[in-house]
Amino acid sequence: MREMRASAAAQRAVDGGKAGSLGWLLAEVDRRFGGIMPSRLDLEQHGNHQLQIAVRRWGGAKQIEPYLYPRAVSLLPYYLAILTHAAGNPEPIAELGRDCLQDVPLLENRQALVWFKARAGRQQRRTFGRDAAFEPPALVRDILAWNERLRPLAPPAQRDRLFIFKGLRTVNAMSTITVHHLLAQFCDRHRLAAFALASIRPSVLCSFYRASGDLLRTRAVANHANIATTVRYVEAPVVRRHNHVRIAALQAAFLEHLTPSPTAPPPQAAAAAASVLPPGELVSMFGFDCKDPLAGAAPGTRGGELCTNFMGCFTCPNAVITPEPLTMARLLQAHDHLRAAAATLHPARWQAFYAPQLRILEEDILPRFAAREIASAESLLPQLPPLPELR
């Protein structure tokens, strides 16, 4: 659809003055009918003979309309894609406003999709790549440009809605009722198994939890206030099986710790390693307070060994992130340091070691802080010691 509209815009620029061409036809509809395809009765009026011929030549009104504005069937894939990305509820996503995109302070390459969930009584949000072709920010911009000419024709109460479309006789905003009427045909057309709108949100959350294994991150994706709500969403049979496998692996690791190993350091060595820790607060390279970097929390490490994640793991269960300005300043410094390293490190090493940390920082941590908190932390950046070079 995006390519078709871009092609039409190019033809309008090149052939707009050539009678009978698609570019000329679209320009005439804009000039004489306000960008809305005229009815058959209007086309048959005196003076429209050349326009009638052009409409028939280019396949009729149904073929021409998508170049100008969307019908409900054309908006359905956009709605389903945004609903899936946002892991939102069907009704609030259908009621998205035209101002649903917000910039994220200090993250020029990210934008937040914002919507209101009446049942929760508060705003929901998720951040995405600003320029990723098939993520919500790009899809929303496509829709805004596509249906802008329909806004004046929509009922006043619906003019600020995102999913405005041209119906058979009137202009309306999409609702879940509209989607339900179109969903069966959509599944048949694309050879998909039948599904319900209400199944998308729990399916996305279960898949995210299975991939990440992190219930707190899943709660952030779901915009849940209480983690117990998230637990109810992800308690599917496939997730339970996945959890059983994880628990079995952890139990095996625990038993391995209890079994003496010829390569394991003696208790005296572990105690000696712990004794070299300096007194006071323990702060990792990227600004987290750590309860105990010698606890053996990272996979492959034992108690008494320095945690391999101490140099900047943003998902470690021992990490403590506080909204204090100094901690925020360290996070901002870490963000800039990681992005700068992308230009100097080998791409494969960058993707393996540092890209996941930057993604967690940009998608899950920094968006939780208000612009005021970020601004107060920025003033502390010059006072921080430089971070070591990433290799």
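Going residue by residue through region 169-178, is there one that turns out to be part of a helix (DSSP H, G or I), modelled with pLDDT of 95 or more, of a type in the set (A, V, I, L, M) and surrounded by 14 or more Cβ atoms within 10 Å (Cβ to Cβ)?
The answer is no; no qualifying residue exists.
What number of residues in region 208-232 are free of Cβ contacts under 8 Å to residues at least 24 places away in the same chain and surrounded by fewer than 16 Cβ atoms within 10 Å (Cβ to Cβ)?
From region 208-232, those free of Cβ contacts under 8 Å to residues at least 24 places away in the same chain are 211-212, 215-216, 218-219, 224, 226-229, 231-232; that's our starting set.
From what's left, surrounded by fewer than 16 Cβ atoms within 10 Å (Cβ to Cβ): 211-212, 215-216, 226-229, 231-232.
Number of matching residues: 10.
Can you give me the number of residues within region 128-141 that are crowded, with 16+ Cβ neighbours inside 10 Å and either of a type in the set (A, V, I, L, M, F, W, C) or touching a residue at least 40 places away in the same chain (Cβ under 8 Å) (or both)?
Number of matching residues: 6.
Can Leu380 be described as buried (at least 18 other Cβ atoms within 10 Å of the Cβ) and not charged (D, E, K, R)?
Numbers: buried (at least 18 other Cβ atoms within 10 Å of the Cβ): no; not charged (D, E, K, R): yes.
Considered against the rule, which asks whether it is buried (at least 18 other Cβ atoms within 10 Å of the Cβ) and not charged (D, E, K, R), Leu380 comes out as no.
Please list, ordered by residue number, the helices (runs of 4 or more DSSP H) wholly in region 181-298 having 3 or more residues that are at pLDDT 70 or above. Walk me through it before giving the result.
Details: elements: 200-212, 215-222, 227-234, 237-258, 267-275.
Those helices (runs of 4 or more DSSP H) span 200-212, 215-222, 227-234, 237-258.
For region 1-26, give me each residue that is touching a Lys or Arg at 6+ places or on another chain (Cβ under 9 Å) and closer than 15 Å to Tyr69 by Cβ.
Leu25, Leu26, listed by residue number.
In region 79-127, which residues are modelled with pLDDT under 90, surrounded by 15 or more Cβ atoms within 10 Å (Cβ to Cβ) and not hydrophobic (A, V, I, L, M, F, W, C)?
Pro105, Lys117 - these are the residues of region 79-127 that are modelled with pLDDT under 90, surrounded by 15 or more Cβ atoms within 10 Å (Cβ to Cβ) and not hydrophobic (A, V, I, L, M, F, W, C).
Is it the case, given these coordinates, that Glu44 is charged (D, E, K, R), loosely packed, with under 12 Cβ neighbours inside 10 Å and modelled with pLDDT under 90? First the steps, then the outcome.
Numbers: charged (D, E, K, R): yes; loosely packed, with under 12 Cβ neighbours inside 10 Å: yes; modelled with pLDDT under 90: yes.
Criteria met by Glu44.
Condition first: free of Cβ contacts under 8 Å to residues at least 24 places away in the same chain, assigned to a helix (DSSP H, G or I) and in the same structural domain as Gln11 (by TED's automatic domain parsing). Now tell me which residues in region 53-111 satisfy that.
Hits for region 53-111 are Arg56, Lys62, Gln63.
Based on this model, can you work out whether Thr127 counts as among the hydroxyl-bearing types (Ser, Thr, Tyr) and under 16 Å from the mean Cα position of the chain (by Cα)?
Numbers: among the hydroxyl-bearing types (Ser, Thr, Tyr): yes; under 16 Å from the mean Cα position of the chain (by Cα): yes.
Judged against the criteria, Thr127 is a match.
The values are calculated or read from the model by the stated rules, or taken from the named source; none is laboratory data. Just so it is clear, the model here is predicted, and its values are computed rather than measured. Heads up, the Cβs are rebuilt from the backbone with ideal geometry, glycines too, and the neighbour counts pull from every protein chain shown.
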